[in-house]
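The values are calculated or read from the model by the stated rules, or taken from the named source; none is laboratory data. Model, not experiment: these values are computed from the prediction. Methodologically, a virtual Cβ is constructed for each residue, glycine included, from the backbone with ideal geometry; neighbour enumeration extends over all protein chains shown. The area values use the complete protein model at the heavy-atom level, side chains included, leaving out ligands, DNA and RNA. Shrake-Rupley method; radii C 1.70, N 1.55, O 1.52, S 1.80 Å.
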Amino acid sequence: MVGEYHQYIREIKEYAKNEKIPIMQEEGIDFLTTFIIKHQIRNILEIGTAIGYSAIMMALCHPTIKVTSIERDEARYLEALKNIKKFHLEDRITLIFKDALDVKLDGEFDLIFIDAAKAQDIKFFQLFTRNLTPNGYVITDNMYFHGLVEKNEKEIKSHNLRGLVKKIKEYITFLNTNTEYNTTIYRIGDGIAVSEKKQ
Ligand code: SAH
Ligand code: MG
């Protein structure tokens, strides 16, 4: 990677910090990119682009990787487009500006990365695993939700947050009881679930 790119990455991270955009944490992105390289992933679907940080980091893992990424927030989508151009990745990263729940895709992906509204994780999983190759993986971010998932529910003051945490717990149960997929949740970053289709 040329020096210029390092500077752009720094700028994207800085922007995310200032605008409070929840991009993947350092540890999480390291895990994700290492996983992509190790498993020779080539076609990725991402739910939740934000400003394109993780999409760019994933695309940079290998020159033949293609990423399709969905974002429903217009300002973020536009910022992501701008960032992707800086890296000259517009041929390899396709952005879809839509609510993911309204998206129907035809393509096949060997990795689906779910990192959007946590309350909808089960729906995203059910909707998009149709597009997963037989040896594909689903990776979901924020399984600990800033440590709240492991906290006693009574300690969470906000009603909305309690609801969200409940949804994440339901998703974890959904994964753990899913007869078609084996799931491991890693204590990395904000908690990362890796689900693999049973052979
Ligand atoms: N993957 C990004 C961070 C994504 S943050 C990174 O690590 O760089 C989550 C994003 O998902 C937000 O920008 C939010 O607008 C988007 N999002 C949430 N629910 C969505 C939905 N139903 N459809 C599309 N985008 C959604
Ligand atoms: Mg996340």
Check: Among the residues of the range 135-158, is there at least one that is modelled with pLDDT of 95 or more and more than 16 Å from ligand 2 (Cβ to nearest atom)?
Finding: yes
Notebook entry, point to check: In the range 183-195, how many residues are open to solvent by 40 Å² or more (accessible area, probe 1.4 Å), free of Cβ contacts under 8 Å to residues at least 60 places away in the same chain and in contact with a strand residue (DSSP E or B) (Cβ under 6 Å, 6 or more places away or on another chain)?
Noted result: 2
Item checked: Some residue of the range 57-68 being open to solvent by less than 10 Å² (accessible area, probe 1.4 Å) and near ligand 1 (Cβ under 10 Å from one of its atoms) -> yes
Note to self: Kindly evaluate F97 against the criterion of being under 23 Å from T33 (Cβ atoms) and at pLDDT 95 or above.
What the structure shows: no
